[in-house]
Amino acid sequence: MSHEAKPELTFRAVTLAIILAVILAAANTYLGLFAGMTIASAIPAAVVSMAILRMLGGGHILENNIVSTGASAGSSIATGVIFTMPALIILGYWEDFVYSWVLAIAGLGGLLGVFFSVPLRRSLIVDQGLAFPEGKAAAEVLRSGDKPGEGLKVLAGAAAIGGAMKLAATSGLRLIPDTAASSAWFGKTLAYFGTNLSPALFGVGYIVGLNIGIVMLAGGVIAWNIAIPAYSTWFLAADPVLSVQLAGAGAEDAAYGIWSAQVRYLGVGAMLIGGVWTLISLRKSLFSGIRSGLNAERADARGEKVPDTERDLPMRFILIGLVIFVIPLMLLYQAIVGQWLVSIPMTIIMIVAGFLFVSVSAYMAGLVGSSNNPVSGLTIATILFAALVLVVLLGRDSPIGAVATIMIGAVVCAAACIGGDNLQDLKCGYLLGATPWKQQVMLAIGGVSSALVMAPVLNLLASAYGIGVPTEAHPNPLLAPQANLMASVAKGIFGGELPWTMIGIGAGIGAVIIVIDELLKKSGSSFRTPVLACAVGIYLPIELSVPIFAGGLVAYLVERFFHAEDAKAKENIHQKGTLFSAGLITGEALMGIFIAIPIVVAGSADVLALPEAWHFGGWLGLLMLAGVALLLYRLATRQELNQTA
């Protein structure tokens, strides 16, 4: 039967995809500002789509695939925005998120990402056959759609657990704290260790696996258990500014002070060297993707029959669209700097960096998945290069230089996020026999729809929790770690000072990690040390890496329980565990949004807090998280037993 007779880009599929994209964009906005990462949402979107379309009557696998494609754009747009645009708040350029500017950056950047990634489909998916793990997983979920209701129950139950734990935490009822930690001074030496009690981070760990969890935790140990104690013992006294700031501070506050002012820049250096290494490693793939796209266009022009399953958006349409979408971005840059001799180079940098890093992002998504895609490292590389060019054009003391740099990075980041997601969805469609151009159109629609809600969601979260910078009203804001990093790098180049020694040491650490990874690769080891995963661990507070490691450990124990060795077996046994983890993430993130509403309305962060007698401390949170781990393990292991019974 021809695919032409099967429903695909239908009105109800598009409508459902838009609704899910908006919801997932809001949820991932909270998660990204809180933990510095977002999760690919194609799998939960596929499960919801199968259940809803079945209730409405019918629901072909290709129609469900379209819903999954459009909905997954929500997390990609959220990632592109939250990694960069909060930097404009941190720099003091904006007091709140300006709707029209956020929409323009996110929407147009997302569309550029779709267009830039089209020529890469044939090279990365068809010719090289990269894994694209979330795409393969989503295809398996859609193929096993005989019981979508069962998958929806797992997703909903886990979302209820994640939401309940978020409600019980500091921003809600305060039954438990956000973190269970211990710290102390031993003479001049600081000691600190802790774990976040977030079920969402635990779910992230289960999805990314033990390898990534170990590498991220290793990065945290380098920063928090080696660098911070060393700095407090031997170097703090030689830093008069920081010494004064930390005088009389407790151990935990001092550890965070040293990390914020100095040690986190080790992560910056590691990310920089990692970004450069990524480009060097992928140079052949970039040219291969361009050649494949042009060859397909020539074949179509000669009138050769191209199957629907190989038909992308026409290249001429892409070129026209690029011109149409680049012009308003150039006008936006001109509105910022007021000089055509600056705004035109800014636009050129954006186009070149956008295509290069969309290509890198797509390739990395194929290797390690969208959830592990090091978009932040690519964006930092863009910001550094753009900043160096703008220093020449504007001068190092330019008050607008840092802002202009962030605006370039924001478009590139949005494009890179959508580009990686596009290839992930196209891999799923390739396995199912979908029409590529229809998926590309749906992803564009989902991206623009998500961009429409980003500014209101960001303003809601900023009013309820604060973003990036502690204030009297919000002493513990959402960290927005990537946006803080972007702001620090841009500000440091324009009129400020960056701790270049720490950045250099971090680059050295990154180089060592790359050498280790290459040696492991050469030896054929299944364990790898991706440099950007370690760099993120260095840059984030260690308590965020601990539950990710714990979730990865549970995933490993599930694999050991069934003696799963090959990738296919691991995918099969983790299907329900992945759904449960996605539910934990979605539930906590959505509850974070819902909690923000009464906080903003009441104008108080304590509006939901129970009396102090009901604040039980970290021990209860640890027990609750251990219960989640046990439940996830039993669900994942029982699943396989039931299938083989």
Considering residues of segment 230-250 that are small (Gly, Ala, Ser), touching a Ser or Thr at 6+ places or on another chain (Cβ under 9 Å) and part of a helix (DSSP H, G or I) only, the residue farthest from Leu190 (Cα to Cα): Ala237
Could you tell me how many of the residues in segment 524-566 are within 26 Å of Val375 (Cβ to Cβ), part of a helix (DSSP H, G or I) and charged (D, E, K, R)? 1
Could you please let me know if Leu461 is surrounded by 24 or more Cβ atoms within 10 Å (Cβ to Cβ) and in contact with a strand residue (DSSP E or B) (Cβ under 7 Å, 6 or more places away or on another chain)? yes
Name the residue that is modelled with the lowest pLDDT, counting only residues in segment 175-187 that are closer than 24 Å to Gly583 by Cβ and either surrounded by fewer than 17 Cβ atoms within 10 Å (Cβ to Cβ) or not hydroxyl-bearing (Ser, Thr, Tyr) (or both). Asp178
Selection over segment 337-375 where residues are part of a loop (DSSP other than H, G, I, E, B) and modelled with pLDDT of 85 or more yields a count of 2
Would you check if Leu431 is of a type in the set (A, V, I, L, M) and modelled with pLDDT of 85 or more? yes
Using beta carbons and a limit of 8 Å, which pairs, at least six apart or on different chains, have the first residue in segment 259-277 and within 18 Å of Trp234 (Cα to Cα) and without any contact (Cβ under 8 Å) to a residue 40 or more places away in the chain and the second one part of a helix (DSSP H, G or I) and small (Gly, Ala, Ser)? none
Name the residues in segment 29-43 that are out of contact with any strand residue (DSSP E or B) (no Cβ under 8 Å at 6 or more places or on another chain), modelled with pLDDT of 75 or more and more than 16 Å from Leu485 (Cβ to Cβ), would you? Thr29
Among the residues in segment 56-64, are any part of a loop (DSSP other than H, G, I, E, B), of a type in the set (Val, Ile, Thr) and open to solvent by 20 Å² or more (accessible area, probe 1.4 Å)? no
When restricted to Val263, Val268, the only residue within 29 Å of Phe116 (Cβ to Cβ) and surrounded by 23 or more Cβ atoms within 10 Å (Cβ to Cβ) is Val268
Quick check, is Tyr93 open to solvent by 40 Å² or more (accessible area, probe 1.4 Å), in contact (Cβ under 8 Å) with a residue 60 or more places away in the chain and more than 27 Å from Glu310 (Cβ to Cβ)? yes
Name the residue, out of Phe549, Phe527, Phe494, that is crowded, with 21+ Cβ neighbours inside 10 Å, of a type outside the set (Ser, Thr, Tyr) and within 19 Å of Leu217 (Cα to Cα). Phe549
Based on this model, can you work out whether Ala483 counts as over 20 Å from the mean Cα position of the chain (by Cα) and open to solvent by less than 10 Å² (accessible area, probe 1.4 Å)? no
Can you pull out the residues in segment 482-518 that are hydrophobic (A, V, I, L, M, F, W, C) and free of Cβ contacts under 8 Å to residues at least 60 places away in the same chain? Trp500, Val512, Val515, Ile516
Condition check for Ala164: at pLDDT 90 or above, in a helix (DSSP H, G or I) and either surrounded by fewer than 24 Cβ atoms within 10 Å (Cβ to Cβ) or touching a Lys or Arg at 6+ places or on another chain (Cβ under 9 Å) (or both): yes
Quick one: would you say Leu393 is more than 22 Å from Gly113 (Cβ to Cβ), assigned to a helix (DSSP H, G or I), touching a residue at least 40 places away in the same chain (Cβ under 8 Å) and open to solvent by 40 Å² or more (accessible area, probe 1.4 Å)? yes
Looking at the structure I just gave you, is Ser100 more than 21 Å from Ala365 (Cβ to Cβ), in a helix (DSSP H, G or I) and of a type in the set (Ser, Thr, Tyr)? yes
Residue by residue through segment 188-205, note down the ones that are modelled with pLDDT under 90 and either touching a Lys or Arg at 6+ places or on another chain (Cβ under 6 Å) or part of a helix (DSSP H, G or I) (or both). Ala200, Leu201, Gly203, Val204, Gly205
The listed residue being touching a His at 6+ places or on another chain (Cβ under 8 Å) and either touching a residue at least 40 places away in the same chain (Cβ under 8 Å) or not basic (Lys, Arg) (or both), out of Ala555, Ala564: Ala555
With (1) touching a Gly at 6+ places or on another chain (Cβ under 7 Å); (2) part of a helix (DSSP H, G or I); (3) open to solvent by less than 10 Å² (accessible area, probe 1.4 Å) as the list, and Phe115 as the residue in question, which single condition is left unmet? (3)
When you look at Leu544, is it within 19 Å of Ala626 (Cα to Cα) and at pLDDT 85 or above, yes or no? yes
The one condition in (1) part of a helix (DSSP H, G or I); (2) modelled with pLDDT of 80 or more; (3) surrounded by fewer than 21 Cβ atoms within 10 Å (Cβ to Cβ) that Thr170 fails to fulfil: (1)
Look at Trp101 and say whether it is of a type in the set (Phe, Trp, Tyr), open to solvent by less than 40 Å² (accessible area, probe 1.4 Å) and farther than 24 Å from Val141 by Cβ. no
Candidate set: segment 378-390, residues that are without any contact (Cβ under 8 Å) to a residue 60 or more places away in the chain and open to solvent by 10 Å² or more (accessible area, probe 1.4 Å); chosen: the one nearest to Val126 (Cα to Cα): Phe385
Tabulated pairs, segment 407-425, first surrounded by 24 or more Cβ atoms within 10 Å (Cβ to Cβ), second outside any helix (DSSP H, G or I) and among the β-branched types (Val, Ile, Thr), C-beta under 7 angstrom, 6+ apart or interchain: Gly409/Thr84; Ala410/Thr84; Cys413/Thr84
For segment 251-320, list the helices (runs of 4 or more DSSP H) that sit wholly inside it and hold at least 1 residues that are modelled with pLDDT of 75 or more and on the phi > 0 side of the Ramachandran plot; which are they? none
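The values are calculated or read from the model by the stated rules, or taken from the named source; none is laboratory data. Every value quoted in this text rests on a predicted model; they were computed, and no experiment measured them. Note: ideal-geometry Cβ built from the backbone for every residue, glycine included; neighbour counts use all protein chains shown. Note: accessible area is taken over every heavy atom of the protein model, side chains too, but ligands, DNA and RNA are not part of it. Shrake-Rupley method; radii C 1.70, N 1.55, O 1.52, S 1.80 Å.
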